[in-house]
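First up is the structure itself, then whatever we jot down about it.
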Amino acid sequence: MKFFAKGKRGFVYTEFYKGKKIAIKKKNPDSEAFGRVQNEARMLKLLNKHKIGPKFIEAGDDFVKYYFVEGKMILDFVEVSGKKEIIKTLKSVFEQCYTLDKLKINKEEMHHPVKHIIVTKRGPVMIDFERGHFVQKPKNVTQFCQFVRSMAKTLMGKGIIIEPESIMKLAAQYSREMSRKNLMAILKQLII
């Protein structure tokens, strides 16, 4: 088992399992957060049914195992990719956010998911669901709109024009009614 990364609430290690690289997240002993590892396991079991998150393997009292996600962090991906790939990736993230919203799960961090979205050869994968929780009014799509708005200049350099005011108006509209129609209005912003 090799050390891979340290977070506020956990340590991540990697090893090989059945010939494939896996991640093992363990509780950070210095963290006062309670039950985060178990929460991530519960979230992954549910979300994997909807093709979201790294593929869950198993969990114990103080660890969760899932297949390691190989790829680029979202900002690194945007930096080296072309317009079509970026638009396709952003749309896929919005679709995953919409699924989370429909499941009434708030992932948290989607307004600044720089370490929470890894773009693989198959598409974007969201990671770190330890803080995910059920709420009446989830904000995944609206938070991701904020992130896309914050990237407007970077995206412009790739030929993708995002109107910051327009996308936030559409986010507010979506927040009032979380419908596919309102999601599609947001996605149309990525075609400009």
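The values are calculated or read from the model by the stated rules, or taken from the named source; none is laboratory data. Because the structure is a prediction, the values reported are computed rather than measured. Cβ sites come from the backbone with ideal geometry, for glycine too, and all protein chains shown count toward neighbours. For accessibility, only protein heavy atoms count, side chains too; no ligands or nucleic acids. Shrake-Rupley method; radii C 1.70, N 1.55, O 1.52, S 1.80 Å.
List the trypsin sites (Lys or Arg not before Pro) within segment 4-36 that fall in a DSSP loop (any state other than H, G, I, E or B) and whose Cβ has at most 14 other Cβ atoms within 10 Å. Of the trypsin sites (Lys or Arg not before Pro), the ones in loops of segment 4-36 whose Cβ has at most 14 other Cβ atoms within 10 Å are LYS8, LYS18. Using only side-chain charges placed at the Cβ, +1 for Lys and Arg and -1 for Asp and Glu, the dipole size of segment 13-63 relative to its Cα centre rounds to 460 debye. Measuring nothing but how far apart in sequence close Cα pairs (under 8 Å, 6+ apart) lie, relative to its length, segment 75-127 scores a relative contact order of 31 percent.
Using a cutoff of 8 angstrom between alpha carbon atoms and counting only pairs six or more residues apart, the relative contact order for the chain works out to 17 percent.
Can you give the longest stretch of the chain with no exposed loop site, where a site means GluC sites (Glu not before Pro) in a DSSP loop (not H, G, I, E or B) with at most 15 other C-beta atoms within 10 Å? Counting at most 15 other Cβ atoms within 10 Å as exposed, the longest clean stretch of the chain is 71-176.
Normalised per residue, the accessible area of the chain is 57 Å², obtained with a 1.4 Å probe and no contribution from ligands, DNA or RNA. Cross-linked pairs LYS27/LYS72; LYS51/LYS104; LYS55/LYS88; LYS21/LYS121: Cα-Cα separations exceed 18 Å for LYS27/LYS72; LYS55/LYS88.
In order along segment 75-84, phi translates into HN-Hα couplings of 5, 5, 4, 4, 4, 9, 10, x, 3, 4 Hz, rounded to whole numbers, per the Karplus curve 6.51 cos²θ - 1.76 cosθ + 1.60 with θ = phi - 60° and x for Gly and Pro. Note on segment 50-192: with neighbouring protein chains present and a 1.4 Å probe, carbon and sulfur make up 53 percent of its accessible heavy-atom surface.
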